[in-house]
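Data first, discussion second: the structure below is written as structure tokens.
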Amino acid sequence: MTIELAVIGGTGVYALGELADVESHQPATPYGAPSGPIRVGTYAGKRVAFLARHGEGHSLPPHKINYRANLAALQALGARRVLALNTVGGISERFGPRVLACPDQLIDYTWGRIATLCEEPGSEVLHVDFGEPYTPSLRRAVVAAAVRAGVGLVDGGCYGATQGPRLETRAEIARMRRDGCDLVGMTGMPEAGLARELGLDYASLAIVANWAAGAGPDVDEVITLQDVLDNVAVAMAGVPGILRALLAG
Ligand code: HPA
């Protein structure tokens, strides 16, 4: 049976509160097992799947996540559209803590991750178009849903994907700013590229948890996990409204 929307939760988002009549699945994929059980249920009257990217107990660091298995498992369950929730740091002025954003570009600074489906011997080599890394129609639907829901959301922004799990140095963030990044996170790639290879519609709903290193008004600010989680919890208050409007639209 098709799934209207698959949601992948990031740091601080380990379940979808309003998901009802939930069944759990953990399909095997050619790439191995996903990060944890996929919860499939009803959300605003539609079939929705949810997967916690880092595992429900946040046990997987960004470079250990099996991104291929996560997306292939969602696709095997019938998902065609994926909305990725990404907890991020803010670099440029419009992207302060607790802001929600729907980025339209990305730069990949990660390394050593399996970033393609073409690794297996004998598999076809794909050179997918990635000029628009997020599916424009799904991005537009998310932005319109936020407007209908009356939830503030910045339309656009460039997401820089770093390796982690450590946070960045101030010099790294200064370089990313010069490169044109507005947001920094650790899981945006290879997820977006793999989604394109799999033919899935994919967009990111980024939740700004903190100013990236040296980017905020207090240059010496130390970023703590508690601040990250507190800000995500506040910003997440707007997400159910966006999801309901997206599913209704
Ligand atoms: N950097 C990278 N990833 C993040 C950050 C950050 O400052 N905050 C939340 N995820």
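Bear in mind that the values in this text are calculations on the coordinates, not laboratory data. What you see is a predicted model; the values in this text were computed from it and never measured. Quick reminder, even Gly has a Cβ in these numbers, built from the backbone with ideal geometry, and neighbours come from all protein chains shown.
Summary table
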quantity	calculated
Surrounding net charge for Leu247, when Lys and Arg each add one and Asp and Glu each subtract one, Cβ distance under 11 Å	+2
Exposure proxy order (Cβ contacts within 10 Å, fewest to most) of Thr42, Thr11, Thr162	Thr42, Thr11, Thr162
Relative contact order of the chain, pairs being alpha-carbon contacts under 8 Å that are 6 or more residues apart, as %	26
Global form of the range 1-117, assessed from the alpha-carbon gyration tensor, a/c cut-off 1.5	oblate
The chain: most fluctuating residue of Arg81, Arg175, Arg53 per GNM, C-alpha cutoff 10 Å	Arg175
Calculated SAXS-style log₁₀ I(q)/I(0) at q = 0.12, 0.16, 0.19, 0.20 Å⁻¹ - the range 101-249, Debye, Cα scatterers	-0.58, -0.98, -1.24, -1.31
Residue-averaged 222 nm ellipticity for the chain, from DSSP H runs of 4+ at -39500 (n - 2.57), nearest 500	-8000 deg cm²/dmol
Inter-probe distance in nm under a simple model that places probes 7 Å from Cα toward Cβ, at Thr42 and Ala237	2.9
For the range 145-194, the fraction of alpha-carbon pairs in successive 5 Å shells from zero, as %	5, 18, 21, 19, 16, 12, 7, 2
Whole-Å semi-axes of the ellipsoid equivalent to the chain (Cα gyration tensor, √5λ, descending)	26, 22, 17
Highest-fluctuation residue, Gly185, Gly214, Gly45 considered, GNM on the chain with Cα pairs under 10 Å	Gly45
Backbone HN-Hα couplings from phi across the range 211-217 [Karplus 6.51/-1.76/1.60, Hz, Gly and Pro as x]	6, 4, 3, x, 8, x, x
Rounded to 5, percent antiparallel among DSSP beta bridges of the chain	35
Per residue, the convex hull volume that the Cα atoms of the range 113-181 enclose (Å³)	161
Residue exposure sequence - Ile91, Ile173 - by fewest surrounding Cβ within 10 Å	Ile173, Ile91
Long-range tail of P(r) for the range 163-224 (Cα pairs > 14 Å, %)	64
Equivalent-ellipsoid semi-axes of the range 15-83, from the Cα gyration tensor, Å, largest first	20, 14, 10
